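Asker: Quick one: the structure is below, questions incoming.
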Amino acid sequence: MKYKYWLACMAQMAENIGTGKVEKLFRFAGSARALYDMSEKELMQISGITEADVKSVLTYKKAWNLEEAWENLKRSGLYLVTREDENYPKRLLYINKPPYGIFYKGSLPPEDKKSIAIVGARRCSEYGRYYAKHLAELAVKAGCIIISGLAAGIDGAAHSGAMAAEGETYAVMGCGADYCYPRQNQRLYQTMTQKGGILSEYMPQTKPLGKLFPQRNRLISGLSDVVVVIEAKERSGSLITADFALEQGKDIYALPGRVGDVLSGGCNRLIRQGAGIIVSPEEWFKDLEIDLANIVVSNAFSKKVLEKDEGVVYSVLDLQPKSAQQILEETKLPVDRMCEILLTLENAGFIKEVYKNYYIKMHE
């Protein structure tokens, strides 16, 4: 296993040797141990590998203390699965430049369940957050698994929805799998190691760097059968994931948004370019040939009884922020009474003031 660990780290540790060249080296040698034992002359025979590459591999090999490195991996609490192992994720075998090794905590995604990736904006709206969580919850109740990147916003909401439905969800990290990023999702991270998994192609203790995230997005789409984009700017990491999904032949869907909203630009553009549109959860799951007939998602609010005036105020709100003035005009209530009700509903968790005097309806 120590030779496999050596090869799994080569793309990061050997100068000018990236994932693509590691793939060429592995394909030629057939195993990490065989590659480790190859001479300079044998390495020079590999197509696409230059003299400088060979020098880099040999320098890396000389600097690597196999026994010490292997002990460090065991102490990290991570597992390693490689292309040489039977349990390597089969979906990744069909993508461009599959990583030789995947480090993980928890478990690996099962091969026999439909896998749905849900990605989107970090600074999302409540509209986006609600649908990310709602779709994930429905999907796992129907027997699917959820893949995302554990980022703030849409990613975290999707993972939360999956766990709320007691399903499986998996995060692909843009850092080492032993590093929780962002820190605000620490609780999600810990829970997912028990019901799902944390995966990364990057070696332990790799800190999150901007340049690493676009590359990891190919694994999010690669591990999925379907990719859903919920709220994305016209230039965003979510659209990079969609591009990889298109290259990999995966189905792509987008949740439409209001024209002119910055967070709607990327999704609406995807739809214009031919992505599937999510008009309703029911129609979307029908497209995916997933049966929701026996699935019920609880809504705690429906079990609570509101007074007449409270119900009126609650009914005029939705997931898009509405000003106090708009609420006043629609409910026709006296100002003092409306303000009292808004405070009561907010304290009870029915609504939320997203910014000064603008409110949205909250969902569970």
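Asker: Go over the candidates E111, E67 one by one and state the one that is assigned to a helix (DSSP H, G or I) and either in contact with a Gly (Cβ under 7 Å, 6 or more places away or on another chain) or open to solvent by 50 Å² or more (accessible area, probe 1.4 Å) (or both).
Answerer: E67
Asker: Within segment 70-85, track down each residue that is free of Cβ contacts under 8 Å to residues at least 40 places away in the same chain and open to solvent by 40 Å² or more (accessible area, probe 1.4 Å).
Answerer: E71, K74, R75, Y79
Asker: Would you mind stating whether R91 is in a helix (DSSP H, G or I) and in contact with a Gly (Cβ under 8 Å, 6 or more places away or on another chain)?
Answerer: Yes.
Asker: Taking G143 and the conditions (1) part of a helix (DSSP H, G or I); (2) more than 24 Å from P208 (Cβ to Cβ), which numbered condition does it fall short on, given that it satisfies the others?
Answerer: Only one criterion in (1) part of a helix (DSSP H, G or I); (2) more than 24 Å from P208 (Cβ to Cβ) is unmet by G143, namely (1).
Asker: If I go through segment 114-154 residue by residue, how many of them are open to solvent by less than 10 Å² (accessible area, probe 1.4 Å) and among the acidic types (D, E)?
Answerer: Residues that pass the stated criteria total 0.
Asker: Would a scan of segment 98-116 turn up a residue that is at pLDDT 95 or above, on the phi > 0 side of the Ramachandran plot and in contact with a Ser or Thr (Cβ under 7 Å, 6 or more places away or on another chain)?
Answerer: yes
Asker: Is there a residue being out of contact with any helix residue (DSSP H, G or I) (no Cβ under 6 Å at 6 or more places or on another chain), assigned to a strand (DSSP E or B) and in contact (Cβ under 8 Å) with a residue 40 or more places away in the chain anywhere in segment 118-130?
Answerer: no
Each row is one residue, and each column tells you yes or no for (1) under 24 Å from K90 (Cα atoms); (2) in contact (Cβ under 8 Å) with a residue 60 or more places away in the chain; (3) open to solvent by less than 10 Å² (accessible area, probe 1.4 Å).
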{"position": "V229", "(1), (2), (3)": "yes, yes, yes"}
{"position": "K233", "(1), (2), (3)": "no, yes, no"}
{"position": "S236", "(1), (2), (3)": "no, yes, no"}
{"position": "A245", "(1), (2), (3)": "yes, yes, yes"}
{"position": "A254", "(1), (2), (3)": "no, no, yes"}
{"position": "G257", "(1), (2), (3)": "no, yes, no"}
{"position": "F285", "(1), (2), (3)": "no, yes, yes"}
{"position": "L288", "(1), (2), (3)": "yes, yes, no"}
{"position": "A293", "(1), (2), (3)": "no, no, no"}
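Asker: For F26, indicate whether it is open to solvent by less than 50 Å² (accessible area, probe 1.4 Å), of a type outside the set (D, E, K, R), in contact with a Pro (Cβ under 7 Å, 6 or more places away or on another chain) and touching a residue at least 40 places away in the same chain (Cβ under 8 Å).
Answerer: Judged against the criteria, F26 is not a match.
The values are calculated or read from the model by the stated rules, or taken from the named source; none is laboratory data. This one's a predicted model, so the numbers in the text were calculated from it and none came from an experiment. Note: ideal-geometry Cβ built from the backbone for every residue, glycine included; neighbour counts use all protein chains shown. Ligands, DNA and RNA are excluded from the accessible area calculation, which covers all protein heavy atoms including side chains. Shrake-Rupley method; radii C 1.70, N 1.55, O 1.52, S 1.80 Å.
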